[in-house]
């Protein structure tokens, strides 16, 4: 296994992480716009990219192990350790890959967290609306069983809406 092969698979991984970030941002825009009709499509696209990342990760692990052994390191050496042991210009390139992975990972985690918050807020809004209309909401009790909470209250409906 060569440093060239490892670098190629690292570039592919970076491209896929950037694509994942883009797909998560698309998902966020759909959520923020309230266009939930397209949410299953966006989620499916995120899952496709995640599957591609998993496949690429297998190749990256194999190339990393081969390069680590060639450099006299343990097979499970980190990218930082590989970069430190590699000759120039590979050392600099591997350090750049590592820095890019750290940056992309932080951005992806932030975007995923924001998307979870939007989904949670949407779920809460639906629950509150159902509660306002029906006067009760199904929740979970202490033992995990479904419990209908609240009592039916009279409600006013603005017919002008």
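The values are calculated or read from the model by the stated rules, or taken from the named source; none is laboratory data. Just so you know, these numbers come straight off a predicted model, no measurement behind them. Backbone-built Cβ (ideal geometry, glycine too); neighbour counts: all protein chains shown.
Loosely packed, with under 13 Cβ neighbours inside 10 Å, at pLDDT 65 or above and part of a helix (DSSP H, G or I): which single residue out of 157, 126 fits that description?
Exactly one residue qualifies, and that residue is 126.
Going through 88, 76 one at a time, which residue ends up being outside any helix (DSSP H, G or I), without any contact (Cβ under 8 Å) to a residue 60 or more places away in the chain and touching a helix residue (DSSP H, G or I) at 6+ places or on another chain (Cβ under 9 Å)?
76
Kindly indicate whether residue 79 is over 25 Å from the mean Cα position of the chain (by Cα) and surrounded by 17 or more Cβ atoms within 10 Å (Cβ to Cβ).
No; evaluated as a whole, the condition is false for this residue.
I need the full set of residues from segment 3-18 which are touching a helix residue (DSSP H, G or I) at 6+ places or on another chain (Cβ under 7 Å) and more than 12 Å from residue 60 (Cβ to Cβ), in order please.
3, 18
Can you tell which of 47, 27, 18 is under 15 Å from the mean Cα position of the chain (by Cα), assigned to a helix (DSSP H, G or I), in contact (Cβ under 8 Å) with a residue 40 or more places away in the chain and surrounded by fewer than 16 Cβ atoms within 10 Å (Cβ to Cβ)? Give the derivation first.
Details: 47 fails: in contact (Cβ under 8 Å) with a residue 40 or more places away in the chain; 27 fails: surrounded by fewer than 16 Cβ atoms within 10 Å (Cβ to Cβ).
Selected residue: 18, the only one of 47, 27, 18 that is under 15 Å from the mean Cα position of the chain (by Cα), assigned to a helix (DSSP H, G or I), in contact (Cβ under 8 Å) with a residue 40 or more places away in the chain and surrounded by fewer than 16 Cβ atoms within 10 Å (Cβ to Cβ).
For residues that are touching a residue at least 12 places away in the same chain (Cβ under 8 Å) and within 11 Å of residue 10 (Cβ to Cβ), scanning just segment 91-107, find the one that is surrounded by the most Cβ atoms within 10 Å (Cβ to Cβ).
The qualifying residue surrounded by the most Cβ atoms within 10 Å (Cβ to Cβ) is 94.
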